[in-house]
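First up is the structure itself, then whatever we jot down about it.
The values are calculated or read from the model by the stated rules, or taken from the named source; none is laboratory data. Worth saying up front: this structure is predicted, and the values here are computed from it rather than measured. With ideal geometry, Cβ positions are generated from the backbone for all residues, glycine too; neighbour counts draw on all protein chains shown.
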């Protein structure tokens, strides 16, 4: 079956817009085209990652999606950091915190609510989700909470040695989780029951289609990285002109990156495949820290970029409440509408307090 036209045309056009921006400069029209191209390239990248994921199967499929999304996120963060200098010192913290809150409250809440409306109750494996949540709590504490309490440097920051240590342990903990997910205890991340709809039983793509999507995934990622770099000064100016808090920039990046993946997770929940939704959500949150922090830390150390990682007090409270509620939600292996509503209320509070701190 040939690839749909948009799946290969979108990456090609996005790369063409990038080339045009490099040689023609960033006028108003080019900036709008770059913005459209960036969103389109992100959607195309996640689509092709989904095709590859469908071919390799669970739980490897969710790993492919998580890595692809994290590459996009890290590229956007680094592009704005290099362009923004000291003003972008809090961007990695804000983006990672936003990603965790969007995933743990927005994505998980939407999946549980939509799945509960469609199927009343749904099941998933506690063994896999619990292990992922434990790793996520530890990573968030090390990366986003401890910098507020260390004394080597000023509050909210790590020294170069501390930053290097956190980068190593973040990558190591993520690698251990991936080993558990894909090799040692792969069965913990497989669906409890088979979904009953035709989509769940659709045949995987052929090897040729999977390799074509893999190539187009790489092209899409190149377009995302390049467009993010040329757009980063414009994005900062728009946020500043709107008078929005700096944290909003991190939320914009996280939402842009996670939007297509959120759609995939909600579709899986409505199809009674909540295990796939949980794999996507927790895997993406872990990759957001376990892969992004080492990249950002290495860049900060090598290029001397300022980096502030400690959260503000109100954000620490919201993070703690989120993990407390998540522990209750993921503790039984069964979900219903009420649990989804609680997570979505926390997500609404996160968004409101970001704009009205």
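Only residues that are touching a helix residue (DSSP H, G or I) at 6+ places or on another chain (Cβ under 9 Å) and over 17 Å from residue 97 (Cβ atoms) were counted in region 301-357, giving 21. The one condition from (1) closer than 28 Å to residue 354 by Cα; (2) modelled with pLDDT of 75 or more; (3) surrounded by fewer than 20 Cβ atoms within 10 Å (Cβ to Cβ) that residue 121 does not meet is (1).
Criterion applied to 299, 320 was being surrounded by fewer than 21 Cβ atoms within 10 Å (Cβ to Cβ), over 13 Å from residue 109 (Cα atoms), modelled with pLDDT of 95 or more and within 20 Å of the chain's Cα centre (by Cα), and the one residue passing it is 320. In the set (1) in contact (Cβ under 8 Å) with a residue 12 or more places away in the chain; (2) not in a loop (DSSP other than H, G, I, E, B), the condition left unmet by residue 332 is number (2).
Taken over region 244-271, residues that are over 22 Å from residue 96 (Cα atoms) and surrounded by fewer than 17 Cβ atoms within 10 Å (Cβ to Cβ) amount to 1.
Considering only residues that are without any contact (Cβ under 8 Å) to a residue 24 or more places away in the chain and touching a helix residue (DSSP H, G or I) at 6+ places or on another chain (Cβ under 7 Å), which ones fall in region 229-251? Selection gives 239 alone.
Within region 272-284, one or more residues are farther than 19 Å from residue 146 by Cβ, touching a residue at least 40 places away in the same chain (Cβ under 8 Å), touching a strand residue (DSSP E or B) at 6+ places or on another chain (Cβ under 7 Å) and surrounded by 24 or more Cβ atoms within 10 Å (Cβ to Cβ). Among the helices (runs of 4 or more DSSP H) confined to region 1-103, the ones with at least 2 residues that are under 23 Å from the mean Cα position of the chain (by Cα), farther than 26 Å from residue 302 by Cα and at pLDDT below 75 are located at 28-56, 60-84.
This table checks each residue for (1) surrounded by fewer than 19 Cβ atoms within 10 Å (Cβ to Cβ); (2) modelled with pLDDT of 75 or more; (3) out of contact with any strand residue (DSSP E or B) (no Cβ under 6 Å at 6 or more places or on another chain).
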residue: 196; (1), (2), (3): yes, no, yes
residue: 204; (1), (2), (3): yes, no, yes
residue: 210; (1), (2), (3): yes, yes, yes
residue: 221; (1), (2), (3): no, yes, yes
residue: 230; (1), (2), (3): no, yes, yes
residue: 236; (1), (2), (3): yes, no, yes
residue: 239; (1), (2), (3): yes, no, yes
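Scanning region 256-269 for residues that are more than 28 Å from residue 177 (Cα to Cα) and touching a helix residue (DSSP H, G or I) at 6+ places or on another chain (Cβ under 6 Å) turns up nothing. Restricting the first member to region 139-154 and to residues that are assigned to a loop (DSSP other than H, G, I, E, B), and the second to residues that are surrounded by 15 or more Cβ atoms within 10 Å (Cβ to Cβ), the beta-carbon pairs closer than 7 Å and six or more apart or on different chains are 150/158; 150/162; 152/162.
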